[in-house]
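Input: a single structure, listed below in structure tokens.
The values are calculated or read from the model by the stated rules, or taken from the named source; none is laboratory data. Model, not experiment: these values are computed from the prediction. In this analysis, Cβ positions are derived from the backbone assuming ideal geometry, glycine residues included, and neighbour counts consider all displayed protein chains.
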Amino acid sequence: MSFFAIGDIQGCYDGFRTLLDRIHFNPAADTVWLAGDLVNRGPGSLDTLRFVRQHPAFSVVLGNHDLHLLAVAFGGASLRRKDTLRQILDAPDAAELLQWLAQQPLMLTGQSVSGLSLAMTHAGIPPHWTISKTQSLAGELETAIREAAANPDSDHFLRHMYGNEADQWKEALDGTLRLQAIANYLTRMRFIDNDFRMDLNLKEDVDSAPSNLKPWFTYPRPDKVRILFGHWAALEGEAASSYAIALDAGYVWGGHMKAVNIDTITDNNDHVAIEVSAPMEQVPTG
Ligand SMILES: [Mn+2]
């Protein structure tokens, strides 16, 4: 009856299975939250999707790479040079896998055994969004993604997903820009300024940012919710935050894959983590 959170798998199926062995994963009893980016860059995206879909022990949030796969499958977006998604698109069970993926949420909420309130999204939650507001905005995006998968030929959001223009939340946003802003905050955010505007280009470590930008998780929040997130490999699984817990330790880039034992999270945000290291030969080139 363990409760774990695991960071970005990015198609590193062998590393994922090794990590599950290391935490003595029991599919009949345990709960494991996956922080999104199940697929892409690594060599085992198809096996990862099949395995996660088969086991109800896993709960998933969608990451930017998962959304990219859905945009390619349903929205006519092009594969990029470094993508390793072709194996999914060509698989005999592609339709079932992609429809399953399109039904997954952007956010999970729950409680640890000691009663801490928990939320997970792929990139994080900006400090000016309450948990209930985030839940509601995530729901708008989930609805749009499900409509796209149900009617791929219509003029749906996955045809218009990409845009760095939607880099700051405004209540008045509507239509495509509103959905783009929600997707950007929940799946791409790293640095934000004092007006909570995202810089969607910077992806480096915290020390390299211009002085007007800070990691989203260093701004104070009005609640005490613990936010579990992936996406930011350059953090190497360490966020200096009183409330956020970083899960992406960059396995696909030769780093580590990390599992946090959620029931060990303390009041001051310490927690027990189990990591596996990537074999060097797995590092993608370019
Ligand atoms: Mn990501």
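Summary of values
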read-out	value
Residues satisfying the stated conditions in the range 136-167, i.e. assigned to a loop (DSSP other than H, G, I, E, B) and within 15 Å of Arg188 (Cβ to Cβ)	Met161, Tyr162, Gly163, Asn164, Glu165, Ala166, Asp167
Breaking point among (1) away from the ligand (no atom under 16 Å from the Cβ); (2) part of a loop (DSSP other than H, G, I, E, B); (3) of a type in the set (D, E, K, R), for Glu204	(1)
Neighbours by Cβ (under 6 Å, 6+ apart or cross-chain): first from the range 121-133, assigned to a loop (DSSP other than H, G, I, E, B); second away from the ligand (no atom under 16 Å from the Cβ)	Ile125/Thr134; Pro126/Phe196; Pro127/Tyr219; Pro127/Arg221; His128/Phe196
Among the residues listed as Asp37, Asp66, the single one being under 14 Å from the mean Cα position of the chain (by Cα), within 16 Å of Arg86 (Cβ to Cβ) and among the charged types (D, E, K, R)	Asp66
Among (1) crowded, with 20+ Cβ neighbours inside 10 Å; (2) at positive phi, the one test that Gly76 misses	(1)
Positions within the range 18-51 being in contact with a strand residue (DSSP E or B) (Cβ under 9 Å, 6 or more places away or on another chain), under 17 Å from Ala91 (Cα atoms) and away from the ligand (no atom under 16 Å from the Cβ), in sequence order	Phe51
Unmet requirement for Gln54, which otherwise passes all of (1) within 16 Å of the ligand (Cβ to nearest atom); (2) without any contact (Cβ under 8 Å) to a residue 12 or more places away in the chain	(1)
Matching residues in the range 58-72 - criterion: being more than 11 Å from Leu101 (Cα to Cα) and more than 13 Å from the ligand (Cβ to nearest atom)	Phe58, Ser59, Ala71, Val72
Long-range neighbours under 6 Å by Cβ, at least six apart or interchain, first residue closer than 26 Å to Leu70 by Cβ and at pLDDT below 95 within the range 187-216, second among the polar types (S, T, N, Q) and within 16 Å of the ligand (Cβ to nearest atom)	Leu200/Asn164
Single match in Ala150, Ala183 (criterion: of a type in the set (A, V, I, L, M, F, W, C) and over 18 Å from the mean Cα position of the chain (by Cα))	Ala150
Residues of the range 118-137 satisfying the condition of being among the hydrophobic types (A, V, I, L, M, F, W, C) and either more than 16 Å from the ligand (Cβ to nearest atom) or out of contact with any helix residue (DSSP H, G or I) (no Cβ under 8 Å at 6 or more places or on another chain) (or both)	Leu118, Ala119, Met120, Trp129, Ile131, Leu137
Candidates Leu108, Leu101 - the one that is under 16 Å from the mean Cα position of the chain (by Cα) and either surrounded by fewer than 22 Cβ atoms within 10 Å (Cβ to Cβ) or at pLDDT below 95 (or both)	Leu108
Index of the failed condition, Val113 passing every other in (1) under 25 Å from Gly250 (Cα atoms); (2) touching a residue at least 60 places away in the same chain (Cβ under 8 Å); (3) part of a loop (DSSP other than H, G, I, E, B)	(1)
Positions within the range 223-267 being within 16 Å of the ligand (Cβ to nearest atom), assigned to a loop (DSSP other than H, G, I, E, B) and under 17 Å from Thr121 (Cα atoms), in sequence order	Gly230, His231, Trp232, Gly237, Ala239, Leu247
Number of the exception - Glu165 against (1) at pLDDT 95 or above; (2) exposed (fewer than 13 other Cβ atoms within 10 Å of the Cβ)	(1)
Single unsatisfied condition, Ser78 versus (1) over 28 Å from Asn164 (Cα atoms); (2) away from the ligand (no atom under 16 Å from the Cβ); (3) not β-branched (Val, Ile, Thr)	(1)
